[in-house]
Amino acid sequence: MHTLHGNFTTDTQFFGGNNVFDLIEEYGSPLYIYNEEILRTRCKEIKNLVTYENFVPHYSVKANTNIHLLKIVREEGLHADVMSPGEIYLALQSGFKPEELFFIPNNVTAEDMRYAINHGVLMSLDSLSQLELYGEMNPGSKVALRFNPGIGAGHHEKVVTAGKKTKFGINQEDIDIVKSLLKKYDLTLVGINQHIGSLFMDYDPYIQSTASILHIAEHFEDLEFIDLGGGFGIPYHKQDGEARLDIKTLGHKLDVVLHNFAESYGKKLQFQIEPGRYIPCECGLILGTVTSLKENAGVHYLGTDVGFNVLQRPIMYDSHHDMELYTTHVACTSPLTPFTVVGNICESGDILAKDRLLPTPHVGDLIGVLDAGAYGFSMSSSYNQRPRTAEVLIEETGNVKLIRKRETLEDLLRPMLV
Ligand SMILES: *Cc1c(COP(=O)(O)O)cnc(C)c1O
């Protein structure tokens, strides 16, 4: 086997000595593959972000909810953020204790709230009406609130989750109403949180946004924690030499802010953050098959079995994913050609990448779509009735562990009660 294009998996020994063609033969194509060592490295970086002692990072599990990965994240000492009863259920099944979970939903039903209350999971409400609904259901309890700090950030309009144009959070102008609702239902506000958006590569907006939430915190006396949100970015353009987020400097700057605030608030509050993508993104890759090559009106199409049922991000956010190519043929250095890399779904929008410069592969070669560990499998579907893929974990020993079976044709039919 030769790598025809790219060197990330070679440099990181991503496949742990396993041959990619053997993996596809054993588990089928396409296949989600995760590397345990990379996952643990990312967890440790986040866990050790600051020296402030009372610091508890919460992994936002929506990025990837495979319970084998959740177990590793928990072993590394992280807690978890959850967005739905399904995520609460999976997090509990993977070993998280209710007090290690923080439920941060948006526009949930009373039934969803009841699920969290019954399972002893602290909840953050993100509107006055949801606070009122919660108060009626669970008076006299502890609660948290999500505020909109007034500034947002992110890689795409669809992922900016604070500022003026978003459905998220309670506005600061409503603090007086918040206080009267808390009083009305005898609720204790123990935590406040924010999340300004996803995928920042520059730490300044994040550090700046902490000033706003800390300012909001000064209005409340019983706080036990402040949650600063997630959004930590990863370099999707590795092959062009994109730099990593400078997590060391971010940590130093954050440390100063946390220590100063604790001093002025007069209490060593717990600080939380909510990284989602940063934790599993780079440990995951999709291995697929080159199924066809064709030219149509001057455009070179590289057809694969990685449709948007397998990876949504390119069509949802115009996202870029670096790609590698693997071949069993003698690797000759063919000239690079701009390829439009497409999947096998019957929609013309089913495009993984446009005008990507790649050497010309053979049909039957394999393609590796990098940085697919976050919002990859968790957003995948069985559209066109393609059963969802298997997932495997390359353990630190190099051993390959099947952590999710490929769905079958029968799985498509089962919920229809025939
Ligand atoms: C999605 C989400 C996160 C995680 O976002 P990332 O960009 O993946 O770090 C954190 N907090 C909340 C409230 C979210 O909705």
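The values are calculated or read from the model by the stated rules, or taken from the named source; none is laboratory data. For clarity, every value in this text was computed on a predicted model and none was experimentally measured. Glycine gets a Cβ as well: all are built from the backbone with ideal geometry, and neighbour counts include every protein chain shown.
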Original post:
Counting just the residues of the stretch 250-277 that are in contact with a helix residue (DSSP H, G or I) (Cβ under 6 Å, 6 or more places away or on another chain) and within 14 Å of the ligand (Cβ to nearest atom), which one comes out farthest from H321 (Cα to Cα)?
Top reply: P275
Original post:
How many residues, within the stretch 260-280, are polar (S, T, N, Q) and farther than 16 Å from E218 by Cβ?
Top reply: 2
Original post:
Taking the stretch 217-249 as the region of interest, how many residues are over 15 Å from I273 (Cα atoms) and more than 16 Å from the ligand (Cβ to nearest atom)?
Top reply: 17
Original post:
Within the set of pairs 6 or more residues apart or between chains, which connect a residue that is assigned to a helix (DSSP H, G or I) inside the stretch 56-72 to a residue that is within 14 Å of the ligand (Cβ to nearest atom) and of a type in the set (F, W, Y) with Cβ atoms less than 6 Å apart?
Top reply: A63/Y375
Original post:
Any idea which of I216, I207 is over 18 Å from K47 (Cβ atoms) and buried (at least 19 other Cβ atoms within 10 Å of the Cβ)?
Top reply: I216
**OP:** Could you please let me know if T389 is touching a Pro at 6+ places or on another chain (Cβ under 8 Å), hydroxyl-bearing (S, T, Y) and surrounded by 21 or more Cβ atoms within 10 Å (Cβ to Cβ)?
**Re:** yes
Original post:
In the stretch 296-340, how many are surrounded by 15 or more Cβ atoms within 10 Å (Cβ to Cβ), over 20 Å from K238 (Cα atoms) and of a type in the set (V, I, T)?
Top reply: 5
Original post:
Going by the structure shown, is S94 out of contact with any His (no Cβ under 6 Å at 6 or more places or on another chain), within 16 Å of the ligand (Cβ to nearest atom) and not assigned by TED's automatic domain parsing to the domain that holds Q312?
Top reply: no
Original post:
Which of the residues belonging to the stretch 73-87 are within 15 Å of I46 (Cβ to Cβ), within 16 Å of the ligand (Cβ to nearest atom) and assigned to a helix (DSSP H, G or I)?
Top reply: V73
Original post:
Among the residues of the stretch 192-216, which ones are within 13 Å of the ligand (Cβ to nearest atom) and within 17 Å of L128 (Cβ to Cβ)?
Top reply: I192, N193, Q194
Original post:
Restricting to the stretch 332-385, what's the tally of residues that are among the aromatic types (F, W, Y) and in a loop (DSSP other than H, G, I, E, B)?
Top reply: 1
**OP:** Could you tell me whether any residue of the stretch 302-319 is within 16 Å of the ligand (Cβ to nearest atom), assigned by TED's automatic domain parsing to the domain that holds V342 and small (G, A, S)?
**Re:** yes
